[in-house]
There are 2 protein chains.
Amino acid sequence: MHQPEHLKSAGLKSTLPRLKVLDLFENSKERHLSAEDVYKQLLGSGEDVGLATVYRVLTQFEQAGLLVRHHFEGGKSVFELNKGDHHDHIVCLQCGHVEEFYDAAIETRQEKVAAGLGFAIRDHALHIYADCTKKKCPHKR
Amino acid sequence: MHQPEHLKSAGLKSTLPRLKVLDLFENSKERHLSAEDVYKQLLGSGEDVGLATVYRVLTQFEQAGLLVRHHFEGGKSVFELNKGDHHDHIVCLQCGHVEEFYDAAIETRQEKVAAGLGFAIRDHALHIYADCTKKKCPHKR
DNA sequence: ATGCAAATAAGAACGATTATCATTCGCAGC
DNA sequence: GCTGCGAATGATAATCGTTCTTATTTGCAT
């Protein structure tokens, strides 16, 4: 792993905390992590980063376009690697796992509706909160 | 205005703060109000209610089905009178005004997508953040 | 009117996040 | 490879929205 280029092109110095956070997002099982998730996972790996630094780095990465921030219910911000695509989210009410999906029909309908009301869409968020219908929820929190 | 019945049927005593909050939602220009909006408007009207009471009452009203709570970006909860219908929201990025809409096609597509992924929808929120395309944004903050 | 459970107001407490600031680090220039 | 300086960090205080605690007040059935 040598993403220093990512950081460099974003105008950010390649520091240890930043490399660690980026690495975490690229190698973690869960794509969607909160600031505290990141902080705890780093501590768990023996890394010594401050919580304040985690928040700072996440915000910088968001501004640099490396991460995308989401506001699901529950108050806390959740981040994921920016794959460049747009997608919406289903949040499992049982385990908190976040599934992604994209539906072209929904996207175009949104544009139509907004245009009809005299708005130009800048951004949107579709969050579905649902129960997994499989017998046992397959995702562990 | 005599909504004591609303309160009564919800199992809530008809107290002054509760009546005032309910009245505010029924007579305010903006349908969507945060706890602080409610608190400030009441203070402005010379009413003397505590902020804690506002939060308590809003939560009770939500549980009683009188109000619906929304989580837009920005962290704070926003409430509106429960009209019984479901609708989604467009938030004007200029003035913060919230416009409501309902699109059957979007709703059905959501169900299909969720079912296809093995989820049973419990709740969902579609928030569109957009710019008003009219020359001057007609809504004042 | 009286009493008591329920509701209130004020402020403390809380969780998530941001700001402050002294110390440390990355890295360009020597 | 060393130096120096501005940027980045970590510890902690501060902030913001919200909830909890508790002593006091209120609605309302009697």
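The values are calculated or read from the model by the stated rules, or taken from the named source; none is laboratory data. No experiment lies behind these values; they were computed from the predicted model shown. A quick note on method: Cβ atoms are made from the backbone with ideal geometry, for glycine too, and the neighbour counts reach across all protein chains shown. For the accessible areas, the whole protein counts, side chains as well, though only heavy atoms, and no ligand, DNA or RNA atoms are used. Shrake-Rupley method; radii C 1.70, N 1.55, O 1.52, S 1.80 Å.
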Notebook entry, point to check: In nm, what does the list of distances from A:Lys134 to its counterparts in the other copies look like, shortest first, when each label sits 7 Å along Cα to Cβ?
Noted result: 5.0
Notebook entry, point to check: To the nearest 100 Å², how much accessible surface do chains A and B cover up together, summed over both, with a 1.4 Å probe?
Noted result: 3100 Å²
Margin query: What is the percent carbon and sulfur in the accessible area of segment A:88-130, measuring with a 1.4 Å probe over the protein chains and ignoring ligands?
Written below: 51 percent
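Given Cα pairs under 8 Å that are at least 6 residues apart, what percent is the relative contact order of segment A:4-81? Walk me through the numbers on the way to the answer.
On the way: 72 pairs, mean separation 23.4, N = 78.
Answer for segment A:4-81 is 30 percent.
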Item checked: Teacher prompt: B:Ala10 distances to equivalent labels in other copies, 7 Å Cα→Cβ, nm -> 4.4
Item checked: Interface residues, segment A:73-97 - accessible area loss of 20 Å² or more versus chain alone, probe 1.4 Å -> A:Glu73, A:Ile90, A:Leu93
Next item on the list: Over all alpha-carbon pairs in the protein assembly as shown, figure out the percentage whose distance exceeds 28 Å.
Entry: 50 percent
Note to self: Sequence gap at least 6, Cα distance under 8 Å: using those rules, report the relative contact order of segment A:88-130 to the nearest whole percent.
What the structure shows: 54 percent
Next item on the list: Report ³J(HN,Hα) in whole Hz for each residue of segment A:66-83, in order, from the Karplus equation J = 6.51 cos²θ - 1.76 cosθ + 1.60 where θ = phi - 60°; Gly and Pro get x.
Entry: 7, 10, 10, 9, 10, 10, 7, 5, x, x, 7, 6, 10, 10, 8, 4, 7, 8
Check: Within the accessible area of segment A:4-81, what % is carbon and sulfur when the probe is 1.4 Å and the other protein chains stay in place?
Finding: 51 percent
Notebook entry, point to check: Suppose R0 equals 30 Å; then what is the FRET efficiency for B:Glu62 and B:Glu5 from their Cβ-Cβ distance, rounded to the nearest 0.05?
Noted result: 0.95
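Past 19 Å, Cα to Cα: identify those pairs from A:Lys29/B:Lys112; B:Lys40/B:Lys76; A:Lys83/B:Lys112; A:Lys83/A:Lys112; B:Lys76/B:Lys134; A:Lys76/B:Lys76, in the order given.
Over 19 Å apart, Cα to Cα: A:Lys29/B:Lys112; A:Lys83/B:Lys112; A:Lys83/A:Lys112; B:Lys76/B:Lys134.
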Next item on the list: Sticking with the crude label model, points 7 Å out along Cα→Cβ, report the distance from A:Asp48 to B:Lys29 in nm, one decimal please.
Entry: 5.8 nm
Notebook entry, point to check: Based on the alpha carbon coordinates of chain B, what radius of gyration and maximum Cα-Cα distance (Dmax) apply, in Å?
Noted result: 17.2, 54
Note to self: Keeping every protein chain present and rolling a 1.4 Å probe, give me the accessible area per residue for segment A:4-81 in Å².
What the structure shows: 54 Å²
Margin query: Just to confirm the numbers: B:Asn82, label point 7 angstrom along the Cα-Cβ line, distances to the other copies in nm, shortest first?
Written below: 4.0
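To two decimal places, what compactness ratio does segment B:88-130 give when its Cα radius of gyration is scaled by 2.2 N^0.38 Å? Don't skip to the answer; put the middle values down first.
Working: Rg = 12.8 Å, N = 43, 2.2 N^0.38 = 9.2 Å.
The value comes to 1.39.
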Next item on the list: Any chance you could give the angle, 0 to 90 degrees and rounded to 10, that helix A:16-27 forms with the longest Cα principal axis of chain A?
Entry: 50 degrees
